[in-house]
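Read through the structure below, which is laid out as structure tokens, and then see the notes.
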Amino acid sequence: MSHLFDRKDVDVAWCPGCGNFGILKLVKEVLEELKVQKKDCVIVSGIGQAAKTPYYVDTNMFGVLHGRALPVATGIKLSNENLHVIAQGGDGDMYGEGGNHFIHTIRRDVNIVNIVHNNMVYGLTKGQASPTSQKGFVTGVQVGGVINEPFNPLAVALSLKAGFVARVNIGNIKHAKEVLKEAFLHRGYALVDILQPCVTFNKINTYDWFSENSYILDDSYDASDFEQAVKKSYETIPMPIGILYKNKNSRIPFEDAIRGKDAKPLHTLTHDVSKIQSLFESY
């Protein structure tokens, strides 16, 4: 089935069966169903298998250094509040190399969607442990098994008062689509951590493993209850799937606080050269 956001004549450099294929399909379908215009969308990514995703989507993209997608996405959103800005990458790129930016982007509450492909391994560099690898996970580098506690992105995001925090399983794409749509409709920073298997370098955390070790939050769950969301974020096996927290009355998005809610896109502004010259001459 073809999609409006399909990019023609590209080689997709992922292994057959990779969870990234599902996320690529998911993103394109959500953009199309929300009637996002190609010219109004920008996808920013860093380095890694997941970070190749925007190369396969027919819209604007910006490829940056490892872990640097979030500050660039912030700058793009500041320059034009009308754009739909997505920052996406893998668990290593976002939570490892980009961990500092992850923290401070949430603090600023930039109005972007942050999609993280979480396969609990570094796939591009052939299978080292990532920040979310489970304890005991054996790799060619961690030959005795991972000894560190896995990074908990949902708990970190909640501790920094993120207004939208969610986790989905790409093995259930219908549910994942519902959640991702909600993330796009949220005004402010939105984190969607997507469990997706690396079929080549992680033989433990497979499609079946993610399904067997997670459960969908039912209709009785109140996503506006912050304390409940924090408790859920610390559940590990099984992991809760869905929108853990959504605050409609979140903080003022960063771009509004910096430039004002009605700020015009930077590319539409003109400069009064005489005032700039006068300023220089005053020194």
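The values are calculated or read from the model by the stated rules, or taken from the named source; none is laboratory data. These numbers were taken from a predicted model, which means no experiment stands behind them. When we count neighbours, we look across all protein chains shown, and the Cβ atoms used for this are built from the backbone with ideal geometry, even at glycine. With ligands, DNA and RNA removed, areas are computed over all heavy atoms of the protein, side chains included. Shrake-Rupley method; radii C 1.70, N 1.55, O 1.52, S 1.80 Å.
Within region 187-279, considering only helices (runs of 4 or more DSSP H) that don't extend past its boundaries, which have at least 1 residues that are open to solvent by 20 Å² or more (accessible area, probe 1.4 Å) and touching a strand residue (DSSP E or B) at 6+ places or on another chain (Cβ under 8 Å)?
Details: elements: 207-212, 226-233, 254-259.
Helices (runs of 4 or more DSSP H) meeting the threshold: 207-212, 226-233.
Does ALA183 count as among the aliphatic types (A, V, I, L, M), free of Cβ contacts under 8 Å to residues at least 24 places away in the same chain and either open to solvent by less than 10 Å² (accessible area, probe 1.4 Å) or over 26 Å from ASN100 (Cβ atoms) (or both)?
Values: among the aliphatic types (A, V, I, L, M): yes; free of Cβ contacts under 8 Å to residues at least 24 places away in the same chain: no; either open to solvent by less than 10 Å² (accessible area, probe 1.4 Å) or over 26 Å from ASN100 (Cβ atoms) (or both): yes.
In short, no.
Is it the case that some residue within region 205-219 is in contact with a Phe, Trp or Tyr (Cβ under 9 Å, 6 or more places away or on another chain) and of a type in the set (D, E, K, R)? Reasoning before the result, please.
Keep residues of region 205-219 that are in contact with a Phe, Trp or Tyr (Cβ under 9 Å, 6 or more places away or on another chain), which gives 205.
Narrowing the set further to residues that are of a type in the set (D, E, K, R) leaves none.
No, because not a single residue in region 205-219 is in contact with a Phe, Trp or Tyr (Cβ under 9 Å, 6 or more places away or on another chain) and of a type in the set (D, E, K, R).
Tell me the residue from VAL156, VAL141, VAL165, VAL72 that is surrounded by fewer than 22 Cβ atoms within 10 Å (Cβ to Cβ), of a type outside the set (Gly, Ala, Ser) and either without any contact (Cβ under 8 Å) to a residue 24 or more places away in the chain or part of a strand (DSSP E or B) (or both), please.
Working: VAL156 fails: either without any contact (Cβ under 8 Å) to a residue 24 or more places away in the chain or part of a strand (DSSP E or B) (or both); VAL165 fails: surrounded by fewer than 22 Cβ atoms within 10 Å (Cβ to Cβ); VAL72 fails: either without any contact (Cβ under 8 Å) to a residue 24 or more places away in the chain or part of a strand (DSSP E or B) (or both).
Matching residue, one of VAL156, VAL141, VAL165, VAL72: VAL141.
Among residues belonging to region 111-128 that are part of a loop (DSSP other than H, G, I, E, B) and either of a type in the set (S, T, N, Q) or modelled with pLDDT under 95 (or both), point out the one that is most open to solvent (accessible area, probe 1.4 Å). Reasoning before the result, please.
Going residue by residue through region 111-128, those that are part of a loop (DSSP other than H, G, I, E, B) are 111-112, 119-121, 123-127.
Filter once more, keeping what is either of a type in the set (S, T, N, Q) or modelled with pLDDT under 95 (or both): 111, 119, 123-127.
On the way: ASN111: 25, ASN119: 20, GLY123: 13, LEU124: 74, THR125: 76, LYS126: 146, GLY127: 10 Å².
Looking at the filtered set, the residue picked out is LYS126.
Out of the residues in region 248-283 that are farther than 26 Å from LEU160 by Cα and among the hydroxyl-bearing types (Ser, Thr, Tyr), which is nearest to the chain's Cα centre (by Cα)?
Quick first cut of region 248-283, residues farther than 26 Å from LEU160 by Cα only: 262-283.
Restricting the remaining residues to those that are among the hydroxyl-bearing types (Ser, Thr, Tyr) gives 268, 270, 274, 278, 282-283.
Details: THR268: 29, THR270: 34, SER274: 43, SER278: 45, SER282: 46, TYR283: 45 Å.
Among those that are farther than 26 Å from LEU160 by Cα and among the hydroxyl-bearing types (Ser, Thr, Tyr), it is THR268.
For region 200-215, does any single residue satisfy the condition of being modelled with pLDDT under 95 and charged (D, E, K, R)?
no
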